[in-house]
Amino acid sequence: MLEHWIALARGPFLRLALLAMALGLLRQVALQVWEISWAFHRAGDQVVPWGLAIRRNLEWLLPWRYLQRRERRAYNFTSFVFHVGVIAVPVFFAGHVAIWRQESGIGWWTLPPAVADWLSVLTVAALVGLLAGRAANASSRGLSRFEDWALPVLCIVPFVTGLWTAHPLWSPFDAQAVYLVHLLSAELLLILVPFSKLVHMVLFWVSQTSTELGWRFPPGSGERVRLSLGKQSEGV
């Protein structure tokens with residue numbers, strides 16, 4: 001019975017999840033491009049800060065500036081570890097690449113097994129750390145919604161079950177059941193990517209670029225602000 005469900009999860013369920021993620025991401029890109037264009041033309045400032053936009057994207061990819069800050073250093077480092085692990089392990093784990101190669105004939109470089117194991121452990125530890133930090137901080141607790149608690153927990157499931165699948169002797173449960181939970185939880189995350197906070201890890205370049213292109217004031221805004229405040233002779 002479990003073999004039948006595993007075959008479905010590795011086949012049509014996986015393809016459906018990937019299709020849902022791809023269509024959802026395309027929708028997000030189309031909406032954000034339209035919003036960027038609308039905001040840009042409304043602003044009236046036609047000077048495009050491409051250099052600044054590129055720098056912001058590179059800072060997101062290589063966030064050394066944020067990791068060097070004294071304030072919230074532990075949180076920034078923990079978040080960085082999570083982002084690396086949640087992208088690198090699913091994409092470069094040898095077992096996942098083998099499924100891609102089997103289904104499509106396309107394969108790529110993979111992580112050494114020991115590196116994938118340690119990165120999975122670090123990712124789970126980072127997720128637990130982020131949850132603990134949110135629970136310990138009164139401001140974060142007050143601003144947190146159900147998604148902020150449920151999404152990290154859901155992210156933990158495929159990593160833990162993935163470790164147990166790769167190392168059956170570590171698992172206290174039936175190997176096939178663990179593998180099925182791993183597949184289904186991972187596919188659920190794929191479907192949720194375009195509709196949750198996880199989308200920023202795929203479309204960060206859109207959000208970073210939209211910030212630089214969209215948040216621009218029309219010409220003469222500074223003078224109108226000075227007039228409103230009665231500070232015509234002062235800088236604002």
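Here are the numbers:
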| quantity | calculated |
| --- | --- |
| Stretchable slack from M201 to R15, in nm (0.36 nm times residue separation minus alpha-carbon distance) | 64.9 nm |
| Net length gained if the chain between F173 and L31 were fully extended (0.36 nm per residue, minus Cα distance) | 46.7 nm |
| Alpha-carbon centroid distance for the pair segment 133-168 / segment 85-112, whole angstrom | 24 Å |
| Extension gain from D148 to A132, taking 0.36 nm per residue of separation minus the Cα-Cα distance | 4.6 nm |
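Computed from the coordinates by the stated procedures, all read-outs in this text should not be read as laboratory data. What you see is a predicted model; the values in this text were computed from it and never measured.
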